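Have a look at the structure below before the remarks.
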Amino acid sequence: MSEHRPSRGQHRRSTGPEPDEELIRALHATHAAPLYAFVLRLVGGDRDRAQDVVRETLLTAWRETERLERGPGALRPWLVSVARRIALGPSGGRAPAPVPEPGEVDGALRMMAVCDALADLTESHREALTATYFSGRTAAQAAQELGVPAQEVRTRAFYALRRLKIALEERGVSS
């Protein structure tokens, strides 16, 4: 006797989230932020459009679950390609996207790896890097914003950069 599994559109009662709901949440948690950063540049800083493109990209991945079974190494380039097609293609990306510039996909993948590696840092280390390195502020300016001494900001940023370098090396990103 075969087991009946409701389609995505059908509702059923359960005690926890449905598997499809868990999948879309996992996709969002893992890929939304790096994709958003990539797409935001493609759409000229239009935040609403970037959010729409990311949402459509993740829904496309969810609909094509066989892509998800290939692992993150195969999924990420595909997600970047889908997002690019949606962002740049006329009529919602149904037309073929222009050929990417040399290194553009590599740059997007590198940016995704950096975003993932940043997520591995402690909150205080991430704040120190964001307030200094990524925002172009001095340690004194960042210290005022964070409410800690400037030396603490320098120390956190130093150790954050060390940990970030290790995390990127673990992901195969060389400096």
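A few remarks follow.
- Taking every protein chain into account, the 1.4 Å probe leaves Thr130 with about 70 Å² of accessible area, to the nearest ten.
- With a simple spin-label model that places each label point 7 Å from the Cα along the Cα-to-Cβ direction, the separation between Tyr159 and Asp120 comes to 1.7 nm.
- When the surface is traced with a 1.4 Å probe over the full set of protein chains, Asp48 keeps roughly 110 Å² accessible.
The values are calculated or read from the model by the stated rules, or taken from the named source; none is laboratory data. What you see is a predicted model; the values in this text were computed from it and never measured. FYI the Cβ positions are ideal-geometry reconstructions off the backbone, even for glycines, and counts take in every protein chain you see. Only protein heavy atoms, including side chains, enter the accessible area calculation; ligands, DNA and RNA are left aside. Shrake-Rupley method; radii C 1.70, N 1.55, O 1.52, S 1.80 Å.
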